[in-house]
Each structure stands twice: as structure tokens, then as C-alpha cells.
Amino acid sequence: MNLPYEREEKKLSSEELLATGRDIMLKEAEALRSATERMGGEMASAAHLVSRCRGRIVVSGLGKSGHVGRKTAATFASLGVPAFFLHATEGAHGDLGMVCREDVGYFLSNSGETQELIALIPYFKRLGAPIIAVTGNPESTLAREADIVLNCHVESEADPLKLAPTSSTTLQMALGDAVAGMSTLLLGLQKEDFALFHPGGSLGKRLLLRVSDLMGSGDRMPITKQDARVRDALFDITSKGYGATAIVDDEGKLTGVFTDGDLRRFIEKEGLEGLELPVFRAMTKNPRVIGPERLAVEAVRIVEEWEVSALIVVQDGKPIGMVHIHEILKAGVA
């Protein structure tokens, strides 16, 4: 890499470097603590404005504030509040057309005087779209023109030069998280709602997939009458691939389960002649079962707790399916 000047690494001990790193983190933590103490009703007002928004939260900023803004917009959207990031410069060159009357502006500028951001204010005013300002200067142009001001002032930045946006951007991000979290509380968002916005990730699968989505049913479901021979039950075990079969009475009610482990133990006890005996003599009574509406992640907990590989899915006392731990793992639930 061609640099405009030569860099020579300064000789510092690991202890000195560690002390600097810790100091930066502590300074950023102190900035958060200080802001927490001075924040008041304006945060609640911002959360109410966001939760009542009938359009989208239009997050905008430039530079490092812009980077924080992108993350803030993503957090709002992640929690069920429609939001998008509007680049301050691009906004003044046509992208303002994305802004609607029912939107809410969420503007970030540490100085509060970022000209590209200030240039967007008249458009929001004309539409009647309110603005939340996140700024370190409560006397700035942005603060004066905003409907709600969140003061993200810090005494100094945390880096050794006290120049790079560090404490200020950490506080900006924390404020965005706080407003988004408060809005979530007002909107009554539940875990299941959150999962709807994350269907492709493991979290979504853990919260969305139910046992009925993964179980084998119909022709895939191994079921054996309790009066059938062990030999017949063995066929049901091997042909369906679950390593087990549900045992039912004449009414189709579940009375037990017969697994390949049960088979080994029964043959050891009765010999090969045991293959001709009724399976109810070899089955395990009171098997582990689960309802079809239960979350798949609950099935994982049960099979791990009881050290079984498959669960019988039961409805109204009758087996309607079977789910194997391999199917659950393959679905990415665990």
C-alpha cells in the first residue's frame, strides 16, 4: 500500500495498550451514564411519536452519523417499525420523493449544523412530517427546527486524540436502540411478531416452526396395533425410518411406543421366539409425546432431557405424527 507518509509502529507494551483500550471503553460507558441521567420526557415523547407513526421512520445523517443512522433504521425495522435510511446528500438530489406526509424524520448530526441534513428540513416542514433530532448541540439549527430533541452531547471523544467520533457515535447508537425498544413496548410486540421479521435466521426458525411443520404424518407415520406381533412392529420401525412405532389400541388411542432399543432388550429376554409375541408385551408405556401446535424448539428440549431420538405427536389422545431429532436439526431449529 502506498501511504502519503511512512508509518513506524510506536513501541508500547501490551499492558500500555490494554490500559488505553480499557480507558476508551470506560469513557464511552461514562458518556452513556451521563446521558442516561440527563434524559427525561423527550425520550418518551420520541418513542410515542415513533409508535404512532402511520408511515415510516426516515432516518438520515452523514458521515459517521450516517453509519449509525443505517444501523438505527435497521433496528427500527427489525422491531416491526417500518423505517429506511435516507442519505442526506442523495435526499437533496431526488430521494426526498420517497418521503410521505405520514412519515417521521429521525435526523442524526453531532454538530447539528450538517448542511446536507439541514437542507432536508424544509421539505419535511412542508409535508407536516415531524422531526426527531439526535444532536450533541441543543442550540444548533437542527435542534431549533426539530419537534423533539435528543441531546447526545459528550464532554469529549474517547480516542487518544479526542477527535474521532467514538463516544458521540456510541451514544447516538444507544439512543436509537432505546427509542426503538421503548416503541416496541408501546406497540406490544411479542417474540412471535419479532420472528416474522427474521424468518430466514435461526431465531425465526426457533420462534416460528412448530412441530406440525416437521412431523411425519399419514403414510409416513409408523403405527402398530397393540395386538400385532413384534415381527410386524419391527417392519413398521424399519420401513418408516424413525427407529420407533406408535402402539395403539382398537380405538386408535396411544398405549405405548416400541423402539429398536425395546426390540433388542426384548429379544435378549425372550430370544427369537419373542418375535411372535404381541408387541404390547415389549412396548414402553407412557412414551414422551408432544402436541402439534408446540414450537419445534420445545421438542428439542424434550428429546435432550429424556435422551430419546423421536417424539410421538398426539392430538386428543391419538398419534397423528412423529418427529425425529434429525428432522429438527436439519430445519436449523437447534
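Since every read-out is calculated from the coordinates, none of them should be taken as a lab result. Since we're looking at a predicted model, the values are computed, not measured. Please note: Cβ atoms are built from the backbone with ideal geometry, for glycine as well, and neighbour counts cover all protein chains shown.
Over the stretch 113-184, the pair-distance histogram of Cα-Cα distances with 5 Å bins from zero comes to 3, 15, 20, 22, 20, 12, 5, 2, 0 percent, rounded to whole numbers.
For the chain, the residue among Gly63, Pro319, Thr245 whose Cα projects farthest onto the positive side of the dipole built from Cβ charges is Pro319.
So if I take the alpha carbon set of the stretch 58-137, get Rg, then get Rh from the Kirkwood formula, what is the Rg over Rh ratio? When Rh is taken as the Kirkwood radius, the ratio is 0.93. Here the Gaussian network model covers the chain, with springs between Cα atoms less than 10 Å apart; of Ile223, Ile24, Ile267, Ile267 fluctuates the most. Judged by the ratio a/c of the largest to the smallest principal axis of the C-alpha gyration tensor, the stretch 235-334 counts as prolate, that ratio being 1.5 or greater while a/b is larger than b/c. Of all DSSP-defined beta bridges confined to the chain, some 40% are antiparallel rather than parallel. If only the Cβ of Lys and Arg carry +1 and only the Cβ of Asp and Glu carry -1, the dipole of the chain around its Cα centre is close to 460 debye. Could you compute the FRET efficiency for Thr20 and Thr89, with r as their C-beta to C-beta distance and R0 at 45 Å, rounded to 0.05? Taking R0 as 45 Å, the efficiency between Thr20 and Thr89 is 0.85. Short-range pairs are left out: with C-alpha atoms under 8 Å and at least six residues apart, the relative contact order of the chain is 14 percent. Between Tyr123 and Leu272, full extension at 0.36 nm per residue minus the direct alpha carbon distance yields a gain of 45.0 nm. GNM on the chain, C-alpha springs below 10 Å: top fluctuator among Gly91, Gly55, Gly274? Fluctuation is largest for Gly274.
Computed 3J(HN,Hα) for the stretch 279-292, one whole-Hz value per residue from the Karplus formula 6.51 cos²θ - 1.76 cosθ + 1.60 where θ = phi - 60°, is 5, 5, 6, 10, 6, 9, 7, 6, x, 6, 10, 8, x, x, glycine and proline marked x. The alpha carbons of the stretch 23-107 stretch over 44, 28, 21 Å along the principal axes, in descending order. Largest first, the three principal axis extents of the alpha carbons in the chain are 91, 57, 42 Å in whole numbers.
Rg over Rh for the stretch 9-69 works out to 1.21, both radii taken from alpha-carbon positions and Rh defined as the Kirkwood radius. For the residue pairs Lys225/Lys285; Lys64/Lys162; Lys11/Lys162; Lys253/Lys285; Lys10/Lys64; Lys64/Lys125, alpha carbon separations beyond 19 Å are given by Lys11/Lys162; Lys10/Lys64; Lys64/Lys125. Calculated mean residue ellipticity, 222 nm, the chain: -13000 deg cm²/dmol, from DSSP H runs (n ≥ 4) at -39500 (n - 2.57) each, averaged per residue and rounded to 500. Each Lys or Arg adds one and each Asp or Glu takes one away; over the other residues whose Cβ falls under 15 Å from the Cβ of Glu16, this sums to 0.
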